[in-house]
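To start, the structure itself, in structure tokens.
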């Protein structure tokens, strides 16, 4: 190889300059292939069949499950995300007091991060099933005579509630970690100065902590929204198709019905929604970095 | 009202409220985990007694049957193979990239980093559907290797970003000193930086393991016969199975996650901080 160069040093100099790119190249090619190729294939799949893309989209629009999946996915996100942000903020403020034993609580609170959506769904099934923990407890102390039913098509509202509880239980930890990291970056002197001037907890929170926490809150919101579009395992475990969601319909069309065009369309919808939110994320966060943090 | 309560008492009240909140928060997480694990081991006599809130007699029967009669052992094996393969593949591809982003300053570095952050936000699950068609064509359908490739696409951005921050934490001086003493760049990486970052990389490997172990959508779509554990459990629940098998499944699925939190707790928060920023 060094034949192509006048001497060895100019080759090694070139190598030295190309090295950073060469090291990143495999990752970049891999990701480009595994995202670019399947997405282009998804468009091909979505346009397959006698009627092409138009007929497949029309088929989707004629399916009542499509509207339900779309609205239920968004509704779940709209109910779950605010709850998670509020709860995570409270928990992060609690941990940030750094009382003795706060580390133990921290490990407990991040535990759900490692629990899968399927396992979380099963855990809350064991809590809420007709003869699960809560019904046994309430019947045991005599508050109710017959179990409260959470599952089954006729109890769809309760199934929705069970999914909300499961998601708040499982995925608040992600929001919590992001907010806690943001909280620990806030200069304590600002908070102390406000305290000296007699600001109470609510005032400190509103005028000092929350404005400084804005980037972390935004990041947490966006990441949670992205994950919310992909909700699948816990919904499938707790409600099946009683509460249709986009990813659940993609799975159903692909595996059960073998309508690959419809499954590909659902994939493209989830990807489109995610890209839209991702762009919003970059647009929102960029001015802050440009402004030197604010 | 607050003004009438003496300062010392107010402090005590504050402390009590603080610990009360901490206990409620801990219970909110721990009670469902503990109770569901206990239910997985409850003996049938306790399970069918509706008024027994917490079982006191235990059996391994349900976990045993789930593993050996309902074929979950094979699913566990599939999950472990896929997860280990995902670690190997994403490390081979990702560690050089992480090293490059941590050690070199070069034109386009920030753009590359941003690209990787963006792919991390892309819902990789949606590649599963179109990937099925490709896998059928090239003979990878329903293979553990095919799923491994898809899980690597999912884990790779995380591995690059986490390892990059681990490498950046090892002082450059050590590597430079090694190079002065005659090691080349590769040698100084292998003999100095890699051993020093071993604990962090071990935590990264566990993190990657959990990503793959927990993933259900891609696995369910790509693997119809060779189910991994979450996919196997999902099918089992979809087609109906007695409650005690569902509870027993929780134990098998959650065990590696618990071990991970216990072993890697030192790195846990930092790592999630990096990946979620």
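General observations
- Of all the numbered requirements in (1) facing chain B (nearest Cβ under 9 Å); (2) under 26 Å from residue A:53 (Cα atoms); (3) outside any helix (DSSP H, G or I), residue A:264 misses one, and that requirement is (3).
- Test: residue in region B:62-75 that is free of Cβ contacts under 8 Å to residues at least 60 places away in the same chain, within 12 Å of another protein chain (Cβ to nearest Cβ) and either more than 22 Å from the chain's Cα centre (by Cα) or surrounded by fewer than 17 Cβ atoms within 10 Å (Cβ to Cβ) (or both): no
- Residue in region A:200-217 that is at the interface with chain B (Cβ under 9 Å from one of its Cβ atoms), in a helix (DSSP H, G or I), surrounded by 19 or more Cβ atoms within 10 Å (Cβ to Cβ) and in contact with a helix residue (DSSP H, G or I) (Cβ under 8 Å, 6 or more places away or on another chain) present: yes
- Listed by position, the helices (runs of 4 or more DSSP H) contained in region B:170-237 that have at least 1 residues being at the interface with chain A (Cβ under 9 Å from one of its Cβ atoms) and either farther than 22 Å from residue A:256 by Cα or in contact with a helix residue (DSSP H, G or I) (Cβ under 7 Å, 6 or more places away or on another chain) (or both) are B:185-188, B:198-214, B:217-222.
- Qualifying residue in region A:223-230 (condition: touching a helix residue (DSSP H, G or I) at 6+ places or on another chain (Cβ under 9 Å), at pLDDT below 85 and within 23 Å of residue A:118 (Cα to Cα)): yes
- Filtered residues of region B:41-61 (kept if touching a residue at least 60 places away in the same chain (Cβ under 8 Å) and outside any strand (DSSP E or B)): B:41, B:44, B:47
- Flag: residue B:125 does not match the condition of being within 11 Å of chain A (Cβ to nearest Cβ), modelled with pLDDT of 90 or more and touching a helix residue (DSSP H, G or I) at 6+ places or on another chain (Cβ under 7 Å).
- Filter pass, residue B:188 being more than 30 Å from residue A:43 (Cα to Cα), at pLDDT 90 or above and surrounded by 15 or more Cβ atoms within 10 Å (Cβ to Cβ): no
- Check on residue B:131, more than 12 Å from chain A (Cβ to nearest Cβ) and either assigned to a helix (DSSP H, G or I) or over 22 Å from residue A:268 (Cα atoms) (or both): no
- Residues being within 13 Å of another protein chain (Cβ to nearest Cβ) and either within 16 Å of residue B:246 (Cα to Cα) or in contact with a strand residue (DSSP E or B) (Cβ under 7 Å, 6 or more places away or on another chain) (or both) - total across region B:7-45: 12
- Residue B:77 meets the conditions (1) under 30 Å from residue B:146 (Cα atoms); (2) not assigned by TED's automatic domain parsing to the domain that holds residue B:223 in every case but one. The failed one is (2).
- Failed criterion for residue B:241 (all others in (1) in a helix (DSSP H, G or I); (2) under 19 Å from residue B:64 (Cβ atoms); (3) more than 7 Å from every other protein chain (Cβ to nearest Cβ) hold): (1)
- Any hit, region B:250-270, residues being within 26 Å of residue B:132 (Cβ to Cβ), facing chain A (nearest Cβ under 9 Å), assigned to a helix (DSSP H, G or I) and at pLDDT 85 or above: yes
- Some residue of region B:82-90 being assigned to a loop (DSSP other than H, G, I, E, B) and either outside the structural domain of residue B:159 (by TED's automatic domain parsing) or surrounded by fewer than 16 Cβ atoms within 10 Å (Cβ to Cβ) (or both): no
- Positions within region A:120-144 being more than 20 Å from residue B:41 (Cβ to Cβ) and either touching a helix residue (DSSP H, G or I) at 6+ places or on another chain (Cβ under 8 Å) or more than 8 Å from chain B (Cβ to nearest Cβ) (or both), in sequence order: A:130, A:138, A:141, A:142, A:143, A:144
- Residue within region A:108-118 that is more than 7 Å from chain B (Cβ to nearest Cβ) and either surrounded by fewer than 23 Cβ atoms within 10 Å (Cβ to Cβ) or in contact with a helix residue (DSSP H, G or I) (Cβ under 7 Å, 6 or more places away or on another chain) (or both) present: no
- When the residues of region B:107-121 are filtered to those that are farther than 21 Å from residue A:273 by Cβ and surrounded by 15 or more Cβ atoms within 10 Å (Cβ to Cβ), the one that is nearest to the other protein chains (Cβ to nearest Cβ) is B:112.
The values are calculated or read from the model by the stated rules, or taken from the named source; none is laboratory data. In this text the structure is predicted, and so the values were computed from the model without any measurement. Because the Cβ atoms are built from the backbone with ideal geometry, glycine has one as well, and the counts that use them run over all protein chains shown.
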